[in-house]
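To start, the structure itself, in structure tokens.
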């Protein structure tokens, strides 16, 4: 389906307003919502295209600026070493409680959206994969898709680098879709095994997929992009959201 031009909203959080871009189908119908979490670079062109793609499949997609309290509104970090260094610096400067408060604000926004159905899912990529994992702990989230979620196995998200994400798996009420690249140095085989074991031990409702792919295979810029795999895995995400969100 066709979509509207994206709009921007400022969602209130304890650490200040969080600029969030909203992508939604055209027309007057009602649609489920998806919070889409970006990589450490914020809302880059590939993230915007992913949001538009999801909206075109019938969802209201909210994309928050994950570092809203640190960077000027609209800041996009470049896909270069300087951008990566800044993104990683901020990833560890932000308290985990602030990430969680942001998630609550975004989920509540979609839950009560005037054109929504009240059903909400979350999806994230890289840093965003971990943020989607934590956002899935909100009771309103029915499904989460996590693309190569970083720092989960190291328990190192946020200020102090001591998150409790794997300890709180039982707080996730919905279904998880976990997607990984075997050639991803950020989440090596032993790290993936740690995450899988924690999910299984907690009795989580999850599906696990590993592919022969590098980190950032979903990003449609750069040499690591795998278009065939991106097509396949994004389709898997839409299938889950349609099944769980309606």
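The values are calculated or read from the model by the stated rules, or taken from the named source; none is laboratory data. For clarity, every value in this text was computed on a predicted model and none was experimentally measured. Note: ideal-geometry Cβ built from the backbone for every residue, glycine included; neighbour counts use all protein chains shown.
Here is a list: 131, 54. Which entry is in contact with a strand residue (DSSP E or B) (Cβ under 8 Å, 6 or more places away or on another chain) and closer than 25 Å to residue 167 by Cα?
Working: 54 fails: closer than 25 Å to residue 167 by Cα.
Of 131, 54, the one residue that is in contact with a strand residue (DSSP E or B) (Cβ under 8 Å, 6 or more places away or on another chain) and closer than 25 Å to residue 167 by Cα is 131.
Across region 69-85, which residue is surrounded by the fewest Cβ atoms within 10 Å (Cβ to Cβ) among those that are under 19 Å from residue 215 (Cβ atoms) and touching a residue at least 24 places away in the same chain (Cβ under 8 Å)? Lay out the reasoning, then the answer.
Taking region 69-85 and keeping what is under 19 Å from residue 215 (Cβ atoms), we get 77-85.
So of that shortlist, the ones also touching a residue at least 24 places away in the same chain (Cβ under 8 Å) come out as 77-79, 83-84.
Numbers: 77: 21, 78: 12, 79: 17, 83: 17, 84: 15.
That would be 78.
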Can you name every residue in region 212-235 that is in contact (Cβ under 8 Å) with a residue 60 or more places away in the chain and in a helix (DSSP H, G or I)? 233, 234
Give the number of residues within region 8-32 that are crowded, with 18+ Cβ neighbours inside 10 Å, over 24 Å from residue 244 (Cβ atoms) and in contact with a helix residue (DSSP H, G or I) (Cβ under 7 Å, 6 or more places away or on another chain). 2
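State whether the residues of region 107-116 include one that is assigned to a helix (DSSP H, G or I) and surrounded by fewer than 19 Cβ atoms within 10 Å (Cβ to Cβ).
Step one: list which residues in region 107-116 are assigned to a helix (DSSP H, G or I), which gives 107-111.
With the extra rule that they be surrounded by fewer than 19 Cβ atoms within 10 Å (Cβ to Cβ), the set shrinks to 108, 111.
Yes, the conditions are met somewhere in region 107-116.
Residue-wise test of (1) surrounded by 15 or more Cβ atoms within 10 Å (Cβ to Cβ); (2) at pLDDT 95 or above; (3) closer than 21 Å to residue 154 by Cα; (4) in contact with a strand residue (DSSP E or B) (Cβ under 9 Å, 6 or more places away or on another chain).
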residue: 192; (1), (2), (3), (4): yes, yes, yes, yes
residue: 204; (1), (2), (3), (4): yes, yes, yes, yes
residue: 216; (1), (2), (3), (4): yes, yes, yes, yes
residue: 231; (1), (2), (3), (4): no, yes, no, no
residue: 237; (1), (2), (3), (4): yes, yes, no, yes
Among residues of region 95-128, those that are without any contact (Cβ under 8 Å) to a residue 60 or more places away in the chain and under 29 Å from residue 214 (Cα atoms), counted: 2
As an exercise: evaluate residue 195 against (1) out of contact with any helix residue (DSSP H, G or I) (no Cβ under 8 Å at 6 or more places or on another chain); (2) free of Cβ contacts under 8 Å to residues at least 60 places away in the same chain; (3) part of a helix (DSSP H, G or I) and give the number of the one condition it does not meet. (1)
